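Read the structure below first, then the notes.
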Amino acid sequence: MQNRQQIQRLTTQALLIVIIVLQDLIPMIGNLPLGPLSITTLPITVGVVAVVWGPREGMVVGGVWGLLTWVRAFVYPSSPLAPLIFTNPLISFVPRLLIGLVAGWVFIGLKKVVSPSLAACFAGLMGSVTNTVLVLGGIYLFATTSNLATALLAVVTTNGLVEMLVTALVVPAIALPVMHALKKDQ
């Protein structure tokens, strides 16, 4: 029985990783270019994985996304700024890895005191906040340009807030039905 569960878990992980790879590599699915910026929808997927399967699985999927972000910065950038920013693994890899950890633990902690819908909403929100704060914070720490703080604040108030809101709304809309369907199968 344990072999079957292990095979099922590995198969699920592989499928989730394939989804992240497709989102990252197919234009206009995971990264929506907007001028020199790129609005990302991948925190939604990482958040859903973290809510449904837990922080460890969320970290695996987020880590794969981070690795892809780092590699793409060298070979196939998602935006004109990507080679300048995402070649640093502290900006490309670590925030994506931590989305799954934060979203998963927020959901686990909150589902004990609030409804699963609200817990999943906050998990998605905090996963997106983790990504935004760590990526933009890393850019601020490692980039050397004048007026950088103003530019980063503009990013947060434009696409950063939109990403956070959309992730907070979409994660529970996907995660809760998936969790329900998985419980039916068991």
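The values are calculated or read from the model by the stated rules, or taken from the named source; none is laboratory data. All figures in this text were calculated on a predicted structure; none of them were measured in a lab. All Cβ positions, glycine included, derive from the backbone under ideal geometry; neighbour counts span all protein chains shown. Accessible surface is based on the protein model in full, side chains and every heavy atom, while ligands, DNA and RNA are left aside. Shrake-Rupley method; radii C 1.70, N 1.55, O 1.52, S 1.80 Å.
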| field | Out of P77, P27, P83, P33, sole residue that is exposed (fewer than 15 other Cβ atoms within 10 Å of the Cβ) and assigned to a loop (DSSP other than H, G, I, E, B) | value | P27
| said: What's the total number of residues in the range 95-133 that are surrounded by fewer than 23 Cβ atoms within 10 Å (Cβ to Cβ), more than 12 Å from the chain's Cα centre (by Cα) and assigned to a helix (DSSP H, G or I)? | reply: 10
| task | Evaluate the following for G63: is it modelled with pLDDT of 95 or more, in a helix (DSSP H, G or I) and either under 18 Å from V171 (Cα atoms) or among the aliphatic types (A, V, I, L, M) (or both)? | result | no
| query | Is it the case that V51 is in contact with a Pro (Cβ under 9 Å, 6 or more places away or on another chain), crowded, with 22+ Cβ neighbours inside 10 Å and at pLDDT 95 or above? | reply | yes
| remark: Checked pairs for the range 11-29, first closer than 13 Å to V61 by Cα, second open to solvent by 50 Å² or more (accessible area, probe 1.4 Å) and in a loop (DSSP other than H, G, I, E, B), C-beta under 8 Å and 6 or more apart or across chains, list as L22/I29; Q23/I29
